[in-house]
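Each remark here refers to the structure printed beneath this line.
The values are calculated or read from the model by the stated rules, or taken from the named source; none is laboratory data. Being a predicted model, the structure only gives us computed values, none of them experimental. Cβ atoms come from the backbone with ideal geometry, glycine included; neighbour counts cover every protein chain shown. We work out accessible area using only protein heavy atoms, side chains counted, and drop any ligands, DNA or RNA first. Shrake-Rupley method; radii C 1.70, N 1.55, O 1.52, S 1.80 Å.
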Amino acid sequence: MQQPHVPTRGAATDGTAPGPAAPAPPAAPGTARVLVVDDDTTVAEVVAGYLGRAGYAVDRADDGPTALTRAAAHWPDLVVLDLMLPGMDGLEVCRRLRARAAVPVVMLTARGDEDDRILGLEVGADDYVTKPFSPRELVLRVQSVLRRARPGADPRPLAAAGLAVDPTARRATRNGAELALTLREFDLLAFFLRHPGRAYSREDLMREVWGWDFGDLSTVTVHVRRLRGKVEDDPARPRLIQTVWGVGYRFEPSGREETD
């Protein structure tokens, strides 16, 4: 059976303008709440329907200010966020949500420009899906992000080179000061601390940290760059997360400067 796909833009079939989505009722205990933010009613309804059938409590908003209001009323476990919103765009919504708490964000974009996708990752999105997309694929992405947001199977605290990670508390520090990390940045740092001195390709990191056997490898590059900006004394000359030319990256707890 052919999978349905969410279109790039949709329209109400009766030609009328749809009203704003009503707030979702309180989620049952143990049920993850997902906030879907998209001004295209067709896309929002399809996404919300698939997520609802997958067992999530779904709230909806069709613009940035409404999204921030809904999030403040019932803080979501994850946000599915369209990049192209009227007024306040998805990037600004993501910035404001991330300024309040480390909520996971999956960005939706109809733009084909790689720079726009990278910018979404730069402001803190954990993943992105480009329209048109399979709603089933989006559900799998949501499940993957939420699964990694939970405490990992290995709860042992990790520490090296002034960095410390507590997987159970989802807390990371540098020289005793707490680090403001996104979900993927936290997982990436924890992975490096678990495997010091070993080189990993971007494909390896995509599989081990993101849980995907395929994907845009620039996602890994962006997250490494962001993480370096938070853990290195000089991100332009990284001593901890080093580039291994022709291979990928290596965490070097001794901080020896990489050489060509």
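What about E185, is it under 24 Å from D77 (Cβ atoms), among the acidic types (D, E) and surrounded by fewer than 12 Cβ atoms within 10 Å (Cβ to Cβ)? Here the answer is no, as E185 does not meet what is asked.
The set of residues in the range 51-89 being touching a Ser or Thr at 6+ places or on another chain (Cβ under 8 Å), open to solvent by 40 Å² or more (accessible area, probe 1.4 Å) and among the aliphatic types (A, V, I, L, M) consists of M84 alone.
Here S144 clears all of (1) open to solvent by 10 Å² or more (accessible area, probe 1.4 Å); (2) hydroxyl-bearing (S, T, Y); (3) closer than 18 Å to A32 by Cα except the condition numbered (1). Scanning the range 172-194 for residues being of a type outside the set (A, V, I, L, M, F, W, C) and touching a helix residue (DSSP H, G or I) at 6+ places or on another chain (Cβ under 9 Å) gives a total of 5.
If only residues of the range 90-135 that are at pLDDT 90 or above and out of contact with any strand residue (DSSP E or B) (no Cβ under 9 Å at 6 or more places or on another chain) are counted, the one that is surrounded by the most Cβ atoms within 10 Å (Cβ to Cβ) is R96. Cβ-Cβ distances below 7 Å connect the following pairs, each with a first residue in the range 213-234 that is over 23 Å from G162 (Cα atoms), a second residue that is exposed (fewer than 14 other Cβ atoms within 10 Å of the Cβ), and a separation of six or more residues or different chains: S218/E114.
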